[in-house]
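K.L.:
To start, I am sharing the structure in question, which I have written as structure tokens.
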Amino acid sequence: MRIAQTASPRRRLSLTSLIDVIFLLLLFFMLSSTFSKYNEFELSPGSAGGAQSASQRPSILLSINGGNWRLNGETAGAADLAKKIRAAITPERNHAVIITRGGTTSQQLVTVLEIVRSIEGLRVTIAR
């Protein structure tokens, strides 16, 4: 005796639930992401070598070598860097030069620039 199997008709796939899931994912990622504003630093370009008068010479020399910071030859940390810079500047001598050496990363330079930027009236030049 032969039993014939009847093929059941295939149901159509509903895309409504798929659209709902995609919408929920889109909503989740839009609400969980952060939109941060990127800050800009205004830097003055270095000038060509030549004789400088005493008033044009930088009053602050900040050297960055990896995680070590030196301000006018003395070791400085992130906590007291702004205080030491404010003590070193005068209205006539308000120019700082930042020298990057060795394994200095971009993030370390940006960290120093954020500290220096908080000091009003200070001109900054970056050298290698």
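K.L.:
With the Cα gyration tensor of region 55-128 giving a ≥ b ≥ c as the square roots of its eigenvalues, does the rule (a/c under 1.5 for rounded; else a/b larger than b/c for prolate; else oblate) give rounded, prolate or oblate?
P.N.:
Prolate is the answer for region 55-128, as a/c is 1.5 or above and a/b outweighs b/c.
K.L.:
I want to check the label-to-label distance for Thr75 and Gln107. Put each point 7 Å from Cα in the C-beta direction and report it in nm to one decimal.
P.N.:
It works out to 2.2 nm between the two label points.
K.L.:
Compute the orientation-averaged projected area for region 86-125 from the convex hull of its Cα atoms and round it to one decimal in nm².
P.N.:
Averaged projected hull area, Cα only: 3.0 nm².
K.L.:
Roughly how many whole Å is it from the C-alpha centroid of region 14-36 to that of region 101-128?
P.N.:
41
Rule-based calculations on the coordinates, nothing more; no lab input. Remember, it's a predicted structure, so these values are computed and weren't measured experimentally. Methodologically, a virtual Cβ is constructed for each residue, glycine included, from the backbone with ideal geometry; neighbour enumeration extends over all protein chains shown.
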